[in-house]
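**Q** I am attaching a structure below and will ask some questions about it afterwards.
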Amino acid sequence: MTATRIDGKAFAATVREKVAVHVANLKAEHGITPGLAVVLVGEDPASQVYVRSKGKQTQEVGMKSVEHKLDAATSEADLLALIDKLNRDETIHGILVQLPLPKHLNEDLVINAIDPAKDVDGFHISNVGLLGTGQKSMVPCTPLGCLMMLRDHHGSLSGMDAVVIGRSNIVGKPMAQLLLGDSCTVTIAHSRTKDLPDVVRRADIVVAAVGRAEMVPGSWIKPGATVIDVGINRVDAGLKDDGSPKTRLVGDVDFASACEIAGAITPVPGGVGPMTIACLLANTLTACCRVNGLAEPE
Ligand code: NDP
């Protein structure tokens, strides 16, 4: 059996198109342009790539995009002052502080300084609590993208056994909450889980969010299960023609062997990654509609 590929890139394009239509309507009917501010502290190369990509896609759907690039040595007080300014800026509906922050900055303090209504990453403690209690919140983008792909593929997830590998605050835990919200029976696995292969083998849905290249082989997957691979890992891929080292991206799942067993699987790249930014745009639109008392997009 060869698993169906869940095409996150194509799905993300349809999400962006819907967001763009809604943004155009907001402008035409209400004179409102949703605005997203992204704050980057320091020079982390991967973060710089993400921020560029977010800015470009924000503009492409017709939103206002603002980037604040701060020096790595920026003080906590200065960063908090910027967040305060953005919180009060009525043209900004979403604020995202790119993580990780340099070590001298307290991430929890910084994230919790964002107005929860503008917290489009869904990491503010209020949004975490709202999600955990099944109330309307801002939902973290990566798990939201995973849930959208699962719903699209299966329709209802009710009663399915789901295993989330990884318990981080930004992926694993909110993913588990969302699956529980859709009435899955959810197991959260982590580095201390005993007999991980057996735990994974019971699951109709496997979400791998670990950060270990190709850790989950096909032999762990239940035949026909749906596999969502969140992992982004850069590995060596030999040498380029000019002799310099070549790398490629792989997920947390061994794609080739998992394809033989799974019913459906997201590739890396082209699966969860593109959905994450699309959901950021969707969250910014949602935040804008909520603050203006307008109907939210579906
Ligand atoms: P973290 O490092 O914060 O969390 C990793 C989790 O994996 C931890 O809960 C850890 O367990 C668990 N883990 C580590 N080793 C094992 C093991 N051997 N067996 C079982 N569990 C293990 O990572 P993130 O959640 O931030 O990210 C996970 C992956 O997803 C990364 O590759 C990251 O790059 C990617 N990612 C992709 C995004 C996208 O848009 N596609 C967005 C965000 C992340 P413990 O808690 O016990 O240490």
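**Q** What pairs come out if I take residues in segment 268-296 that are outside the structural domain of Val235 (by TED's automatic domain parsing) and in a loop (DSSP other than H, G, I, E, B) and pair them with residues that are of a type in the set (Phe, Trp, Tyr) and near the ligand (Cβ under 8 Å from one of its atoms) whose C-beta lies under 8 Å away, six or more apart or interchain?
**A** Listed pairs, sorted by first residue: none to list.
**Q** Please identify the pairs in which a residue from segment 70-81 that is assigned by TED's automatic domain parsing to the domain that holds Asn106 has its Cβ atom under 7 Å from the Cβ atom of a residue that is acidic (Asp, Glu), counting only partners at least 6 apart or on another chain.
**A** Within 7 Å, the pairs are Ala72/Glu43.
Every residue, every condition in (1) at pLDDT 95 or above; (2) over 18 Å from Leu40 (Cβ atoms); (3) touching a Leu at 6+ places or on another chain (Cβ under 7 Å), yes or no:
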residue	(1), (2), (3)
Ser53	no, no, no
Asp89	yes, no, no
Ile92	yes, no, yes
Asn127	yes, yes, no
Gly145	yes, yes, no
Asp152	yes, yes, no
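**Q** Another question about this same structure. Which condition breaks for Ile205 when tested against (1) away from the ligand (no atom under 11 Å from the Cβ); (2) surrounded by fewer than 23 Cβ atoms within 10 Å (Cβ to Cβ)?
**A** With respect to (1) away from the ligand (no atom under 11 Å from the Cβ); (2) surrounded by fewer than 23 Cβ atoms within 10 Å (Cβ to Cβ), Ile205 is out only on (2).
**Q** Sticking with this one: Can you pull out the residues in segment 244-257 that are in contact with an Asp or Glu (Cβ under 8 Å, 6 or more places away or on another chain) and either part of a strand (DSSP E or B) or away from the ligand (no atom under 11 Å from the Cβ) (or both)?
**A** Pro245, Lys246, Thr247, Val250, Val253, Asp254, Phe255
**Q** Go through segment 179-190 and give me each residue that's in a loop (DSSP other than H, G, I, E, B) and either among the hydrophobic types (A, V, I, L, M, F, W, C) or within 14 Å of the ligand (Cβ to nearest atom) (or both).
**A** Residues satisfying the conditions are Cys184, His190.
**Q** Now a separate question. Mind telling me which of the residues Gly251, Gly218 ends up being of a type in the set (Gly, Ala, Ser), closer than 20 Å to Ile170 by Cα and in contact (Cβ under 8 Å) with a residue 40 or more places away in the chain?
**A** Step by step, each of Gly251, Gly218 is checked, and only Gly251 is of a type in the set (Gly, Ala, Ser), closer than 20 Å to Ile170 by Cα and in contact (Cβ under 8 Å) with a residue 40 or more places away in the chain.
**Q** Taking Val120 as the residue in question, decide whether it is under 16 Å from the mean Cα position of the chain (by Cα) and in the same structural domain as Lys54 (by TED's automatic domain parsing).
**A** no
**Q** Go through the residues of segment 265-272 one by one and say whether even a single one is hydroxyl-bearing (Ser, Thr, Tyr) and surrounded by 12 or more Cβ atoms within 10 Å (Cβ to Cβ).
**A** Yes, the conditions are met somewhere in segment 265-272.
**Q** Hey, another quick one. Between a residue in segment 159-178 that is on the phi > 0 side of the Ramachandran plot and assigned to a loop (DSSP other than H, G, I, E, B) and any residue that is at pLDDT 95 or above and near the ligand (Cβ under 8 Å from one of its atoms), which pairs come within a Cβ distance under 6 Å, given they are 6 or more apart or on different chains?
**A** Pairs that qualify, where the first residue is on the phi > 0 side of the Ramachandran plot and assigned to a loop (DSSP other than H, G, I, E, B) and the partner is at pLDDT 95 or above and near the ligand (Cβ under 8 Å from one of its atoms), are Gly166/Gly172; Gly166/Ala209; Gly166/Val210.
**Q** Give segment 106-140 a look and list any residue that's part of a helix (DSSP H, G or I), in contact (Cβ under 8 Å) with a residue 40 or more places away in the chain and crowded, with 24+ Cβ neighbours inside 10 Å, or say none.
**A** Selection gives Lys118 alone.
**Q** Just need a number here: residues in segment 221-243 that are farther than 21 Å from Leu157 by Cα and within 16 Å of the ligand (Cβ to nearest atom).
**A** The qualifying residues number 5.
**Q** Has segment 104-112 got any residue that is of a type outside the set (A, V, I, L, M, F, W, C) and touching a Cys at 6+ places or on another chain (Cβ under 8 Å)?
**A** No: zero hits.
The values are calculated or read from the model by the stated rules, or taken from the named source; none is laboratory data. Computed from a prediction, not measured in an experiment: that's the story for all the values here. Every residue, glycine among them, receives a Cβ derived from its backbone with ideal geometry; neighbour counts consider all protein chains shown.
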